[in-house]
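**Q** This structure is in structure tokens; I'll ask about it shortly.
The values are calculated or read from the model by the stated rules, or taken from the named source; none is laboratory data. Bear in mind the structure is a predicted one, so any value in this text is a computation, not a measurement. When we count neighbours, we look across all protein chains shown, and the Cβ atoms used for this are built from the backbone with ideal geometry, even at glycine. Protein only, heavy atoms only, side chains kept; ligands, DNA and RNA dropped before computing areas. Shrake-Rupley method; radii C 1.70, N 1.55, O 1.52, S 1.80 Å.
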Amino acid sequence: MRAAGDAVLSARMSRLHAYTDDALGDLDTVALVEELRQGRVSAPDLVEAAIARTEAVDARLGAVAYEAFDRARREARDPRPGFLSGIPTFVKDNVDVAGMPTMHGTDAFEPRPRPRDGDLARMYLGTGLVPLGKTRLSEFGFSPAVDHARLGPVRSPWHGDHYAGASSAGSAALVAAGAVPIAHANDGGGSIRIPASVNGLIGLKPTRDRLPMDRMEREMPVRIVTDGVLTRSVRDTAAFYREAERIWRNPRLAPIGDITRPSRRRLRVAMITRGIGREASPEVRELTLRTAELLESLGHRVDEVERPPVPDSFADRFILYWSMLAMLVVGMGRVEFGRTWDPARLDAFTLGLARHGRRNAHRIPAAVVAVARSRHPAARHHEQYDVTLTPTLATTTPEVGHLDPAGDYEELMERILDWVAFTPLQNATGEPAISLPLATTSTGLPQGMMLGSGRGREALLLGLAYELEEAAPWARIQA
């Protein structure tokens, strides 16, 4: 007991945040919008506070990929109209923003400022958000931890000895540390939900095609990547999707709408603590059982289900699909990124993935088909259950160095699979899932719990998330 208490105290003393008595205070996005409307703060006040906070924490976090502070100051004087007008944010550095380079977390080419906003940035910034710059990701988003040979890791503000997750780690670290209240993220294998889990945030991966996609994502055989945001409150996530739908909406999906309160509907919940070929660790399983008990105490019916609705072979198929994407990056880099492209400067993990793909090229077509068809058993599962509860990650957050991309590829992949055993399924099926900061480990670090549902059911997930936020308020980094 004493050792556990010492670990929690050590973790608490290691926290890094920028909360102070400035224009941002400890308010979430929706509260800041109200402050702006009432004239108690101005957009320049908020942007200046966010810049100061970012400068205060980023030397230790390593979260910023590109700084556009002067541009943000100019925009704040006359921000774009929209509900989120004047709210400071960051954009993940694999999305094109006019005037900023898009570096994809790699040194393999010389980036130049992009001439125009991509489709996603056009929608995202159309809500009125003011970008302070771009945030770091793992190279092309392949690894679930950001660790770069030249730049070093992105560290968790909850404890700097641990990773901030990936590939949206930079955005997550800055939101968790209080530098900005909301930041862009995207998710091709868990990269909204993984850093949400690690950093005590809300991370909703929406239904496939819920938001506009940039060209590279649209051209994938199975569109596994979806964009979204990382926030500190459910209402901020809900407000973002409401505003996004006012700018761009897919007519083939029922709208999410304006979700502002807990749902009264009692749900059928499947609890699963076995991931794709991996069991959750004993501690994470116990935390998941506690979340199930919370759901039952609220009147929901929870059934323990032995395994996910896809076979263990899904992991191998998803890795093959992943490796195909790495092959395309390596082989088509010069076409995509220009004459400065140098694949020798890619990290060992990207090259290892591509090598795995080349060695198994004959198996890739079947893997693509299997990934695409995973939506069918998943849909049948969600005909029986409204929601599926799993841990977001199978183990607690690894320490910096554990997922160093310069390490042996085979060993690194095994370590990744041990950790990331739950999130890739929804990328294949296209279904929505949300990570909520419902649990805390024995060492005092956040451990997310994930709730998934059927295609187009984000409103159901947000209504349940409100209920859980009210019933069991999450830990705060500044507490």
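**Q** I need every pair where a residue in the range 463-479 that is closer than 18 Å to GLY203 by Cβ has its Cβ under 8 Å from the Cβ of a residue that is assigned to a helix (DSSP H, G or I) and open to solvent by less than 30 Å² (accessible area, probe 1.4 Å), sequence separation at least 6 or different chains.
**A** So the pair list comes out as ALA465/VAL234; ALA465/THR237; TYR466/VAL234; TYR466/ALA238; LEU468/LEU295; GLU469/VAL234; ILE477/ALA176.
**Q** Another question, if that's okay. Take the residues in the range 88-107 that are touching a residue at least 60 places away in the same chain (Cβ under 8 Å) and more than 16 Å from the chain's Cα centre (by Cα); name whichever of them is farthest from LEU346 (Cα to Cα). Steps first, answer last, please.
**A** Keep residues of the range 88-107 that are touching a residue at least 60 places away in the same chain (Cβ under 8 Å), which gives 88-96, 105-107.
Among the residues that remain, those that are also more than 16 Å from the chain's Cα centre (by Cα) are: 88, 96, 106-107.
Numbers: PRO88: 32, ASP96: 21, THR106: 7, ASP107: 7 Å.
Top of the filtered list is PRO88.
**Q** Looking at the range 262-277, is at least one residue more than 23 Å from the chain's Cα centre (by Cα) and more than 23 Å from ILE202 (Cα to Cα)?
**A** Within the range 262-277, none of the residues are more than 23 Å from the chain's Cα centre (by Cα) and more than 23 Å from ILE202 (Cα to Cα).
**Q** Still on this model: Looking at ARG73, ARG122, ARG60, ARG80, which one is assigned to a loop (DSSP other than H, G, I, E, B), more than 30 Å from ASP342 (Cβ to Cβ), open to solvent by 40 Å² or more (accessible area, probe 1.4 Å) and modelled with pLDDT of 95 or more? Lay out the reasoning, then the answer.
**A** On the way: ARG73 fails: assigned to a loop (DSSP other than H, G, I, E, B); ARG122 fails: assigned to a loop (DSSP other than H, G, I, E, B); ARG60 fails: assigned to a loop (DSSP other than H, G, I, E, B).
Of ARG73, ARG122, ARG60, ARG80, the one residue that is assigned to a loop (DSSP other than H, G, I, E, B), more than 30 Å from ASP342 (Cβ to Cβ), open to solvent by 40 Å² or more (accessible area, probe 1.4 Å) and modelled with pLDDT of 95 or more is ARG80.
**Q** Of all residues being out of contact with any Lys or Arg (no Cβ under 8 Å at 6 or more places or on another chain), in a loop (DSSP other than H, G, I, E, B) and more than 14 Å from PRO181 (Cβ to Cβ) in the range 225-260, which is most open to solvent (accessible area, probe 1.4 Å)? Just the residue, please.
**A** Filtering first and then ranking leaves ARG252.
**Q** Separate question: Filter the range 180-195 for residues that are under 10 Å from LEU230 (Cα atoms) and in a strand (DSSP E or B) and give the result.
**A** Matches in the range 180-195: ILE182, ALA183, HIS184, ALA185, ASN186.
**Q** Taking the range 319-370 as the search range and keeping residues that are in a helix (DSSP H, G or I) and among the charged types (D, E, K, R), which one is surrounded by the fewest Cβ atoms within 10 Å (Cβ to Cβ)? Talk me through it step by step, then tell me what you get.
**A** Initially, the range 319-370 is screened for residues in a helix (DSSP H, G or I), giving 319-337, 343-345, 348-359, 361-370.
The next check asks that each one be among the charged types (D, E, K, R); those that pass are 334, 336, 345, 355, 358-359, 363.
Values: ARG334: 13, GLU336: 13, ARG345: 14, ARG355: 16, ARG358: 15, ARG359: 10, ARG363: 15.
Among them, the one singled out is ARG359.
**Q** Give me the residue from the range 140-160 that is among the aliphatic types (A, V, I, L, M) and under 22 Å from PRO446 (Cβ atoms) and, out of that set, surrounded by the fewest Cβ atoms within 10 Å (Cβ to Cβ).
**A** Step by step, filter the range 140-160, then rank; the result is ALA145.
**Q** For the range 372-479, list the helices (runs of 4 or more DSSP H) that sit wholly inside it and hold at least 3 residues that are within 24 Å of ALA145 (Cβ to Cβ); which are they?
**A** Details: elements: 375-384, 409-419, 424-429, 458-471.
In the range 372-479, the matching helices (runs of 4 or more DSSP H) lie at 409-419, 424-429.
**Q** Additional query: Restricting the first residue to the range 417-439 and requiring it to be on the phi > 0 side of the Ramachandran plot, which pairs with a second residue that is in a helix (DSSP H, G or I) and charged (D, E, K, R) meet a Cβ separation below 9 Å and a spacing of at least six or different chains?
**A** GLY430/ARG375
**Q** Take the residues in the range 287-318 that are of a type in the set (Gly, Ala, Ser) and either more than 23 Å from HIS362 (Cβ to Cβ) or open to solvent by 40 Å² or more (accessible area, probe 1.4 Å) (or both); name whichever of them is nearest to the chain's Cα centre (by Cα). Don't jump to the end; show me each part of the working.
**A** Going through the range 287-318, the residues of a type in the set (Gly, Ala, Ser) turn out to be 292, 297, 299, 313, 315.
Then keep just the ones that are either more than 23 Å from HIS362 (Cβ to Cβ) or open to solvent by 40 Å² or more (accessible area, probe 1.4 Å) (or both); that gives 292, 297, 299, 313.
Values: ALA292: 23, SER297: 29, GLY299: 29, SER313: 25 Å.
Selected residue: ALA292.
**Q** Then there is this: List the number of the failed condition for ALA166; all other conditions in (1) hydrophobic (A, V, I, L, M, F, W, C); (2) in a loop (DSSP other than H, G, I, E, B); (3) surrounded by fewer than 24 Cβ atoms within 10 Å (Cβ to Cβ) hold.
**A** Exception for ALA166: condition (3).
**Q** Now for a separate question. Restricting the first residue to the range 308-336 and requiring it to be more than 30 Å from SER453 (Cα to Cα) and without any contact (Cβ under 8 Å) to a residue 12 or more places away in the chain, which pairs with a second residue that is outside any helix (DSSP H, G or I) and of a type outside the set (Lys, Arg) meet a Cβ separation below 6 Å and a spacing of at least six or different chains?
**A** These pairs meet every condition: ARG334/TRP341.
**Q** Here's a follow-up. Take VAL284 and decide whether it is among the hydrophobic types (A, V, I, L, M, F, W, C), out of contact with any Cys (no Cβ under 7 Å at 6 or more places or on another chain), assigned to a helix (DSSP H, G or I) and open to solvent by less than 30 Å² (accessible area, probe 1.4 Å).
**A** Values: among the hydrophobic types (A, V, I, L, M, F, W, C): yes; out of contact with any Cys (no Cβ under 7 Å at 6 or more places or on another chain): yes; assigned to a helix (DSSP H, G or I): yes; open to solvent by less than 30 Å² (accessible area, probe 1.4 Å): yes.
The answer is yes for VAL284.
**Q** Cβ contacts < 8 Å: first residue more than 23 Å from ALA179 (Cα to Cα) and open to solvent by less than 50 Å² (accessible area, probe 1.4 Å), restricted to the range 1-27; second residue modelled with pLDDT of 95 or more and not polar (S, T, N, Q), any location; separation 6+ or different chain. Result?
**A** ALA7/GLY444; VAL8/GLY444
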